[in-house]
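Heads up, the thing below is written out as structure tokens.
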Amino acid sequence: MRRGLVFAGIVAVVAAALLVWRLEPIYLERLAGKTQAEDLEARKALLSDAIEIHVPDAEDNPYPTVLMFHGCAGPRMTFQRQWAEVFNEAGYAAMIVDSTGPRGYSRQSALDIVCAGKTLIGQERAGDVFAAIEIAREDPRLDTDRLILAGWSHGAWTVMDFLTMDGEKRRPAGLSGDLPGQPRIDGTVLFYPHCGAGALSKFRPWRQSPPALAFVAGADQIVEPEKCIALFDRMRWAGLGIEVAIYPDAEHVFDDPFLEPEWIHWYSEKDHKDAEQRLRAFLDRLPD
């Protein structure tokens, strides 16, 4: 009798998990249909004045280019610039894209609304990636035939959602009209991404499989690191070249030495330095 109850409980849990697995993409599709629509030109106009570009000292442009997408609370420019400098030293231009400021969100309102998942989830913000690439095409210093996408937390979720899209049948929520096809991406860098509810990579394959480097904070209290580890394991099993660095004791934003005093204990100088070394080595391995 007891064995029967245990078996019935297992079946119920599995059935519930399968139901969620089937319903989540349907819910996301409906949510996408309710997102206020604008065309690509409008999205470019929204973002164009909220982009900061850093280029290497060497005058051999156009430079291969990294598009950088911040976390849900908005860009922290001192933090973003430290990584832009690493990209510059490796010979890449770095474009920091602000997704929250142009939409009128302060840091606090972004924490309250975007970080809570009430708006601008990954499938919608993926339209910012399309727009940023088109903005980059207009800058003669930037070589958009050699692109890397880098994201932190919500920005990494955004990049991963973008990689499931083709600009036609699979497109960002709220982006209407004609879209260019997904351009070739030469590399992807993902810092402590969100891989839980709403992450399209759980249901859809990436449309291309660029070399990828992912950093997972094992003690992360903001996202669920075990879900990313499981997702990346499945993707590697499917043949995608994803290098995963797991820092067992690291917290979310472990690479931010500019945190406020009440959060500075989340910073890990050791893990930050290791991540920087791994990133430099990853960039060195990418083809010219």
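The values are calculated or read from the model by the stated rules, or taken from the named source; none is laboratory data. Here the structure is a predicted model, which is why all the values come from computation and not from measurement. Note that each Cβ is placed from the backbone with ideal geometry, even for glycine, and that neighbours are counted across all protein chains shown.
TRP237 meets all of the listed conditions (1) touching a residue at least 40 places away in the same chain (Cβ under 8 Å); (2) more than 30 Å from LEU31 (Cα to Cα); (3) loosely packed, with under 13 Cβ neighbours inside 10 Å but one, namely (1). Going by the conditions given, is ARG43 of a type in the set (D, E, K, R) and not assigned by TED's automatic domain parsing to the domain that holds GLY151? For ARG43, the condition - of a type in the set (D, E, K, R) and not assigned by TED's automatic domain parsing to the domain that holds GLY151 - is not met. Pairing residues of region 261-288 that are polar (S, T, N, Q) with residues that are part of a loop (DSSP other than H, G, I, E, B), at Cβ distances under 9 Å and at least 6 apart in sequence or on separate chains, gives SER268/ASP249; SER268/ALA250; SER268/GLU251; SER268/PHE254; SER268/ASP255. Within region 125-136, residues that are in contact (Cβ under 8 Å) with a residue 60 or more places away in the chain have Cβ atoms under 6 Å from residues that are buried (at least 22 other Cβ atoms within 10 Å of the Cβ) and in a helix (DSSP H, G or I) in these pairs: GLY127/ARG43; VAL129/PHE162; ALA131/ARG43, counting only partners at least 6 apart in sequence or on another chain.
Within region 179-222, restricting attention to residues that are β-branched (Val, Ile, Thr) and either assigned to a loop (DSSP other than H, G, I, E, B) or out of contact with any Leu (no Cβ under 6 Å at 6 or more places or on another chain) (or both), the residue that is farthest from ASP249 (Cα to Cα) is ILE185.
Every residue, every condition in (1) more than 21 Å from MET77 (Cα to Cα); (2) part of a loop (DSSP other than H, G, I, E, B), yes or no:
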{"position": "GLY239", "(1), (2)": "yes, yes"}
{"position": "ILE246", "(1), (2)": "yes, no"}
{"position": "ASP249", "(1), (2)": "yes, yes"}
{"position": "PRO257", "(1), (2)": "no, yes"}
{"position": "ASP271", "(1), (2)": "no, no"}
{"position": "GLU276", "(1), (2)": "no, no"}
{"position": "LEU279", "(1), (2)": "no, no"}
{"position": "PHE282", "(1), (2)": "yes, no"}
{"position": "PRO287", "(1), (2)": "yes, yes"}
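For region 174-202, the set of residues classified as buried (at least 21 other Cβ atoms within 10 Å of the Cβ) and more than 16 Å from the chain's Cα centre (by Cα) consists of LEU175 only.
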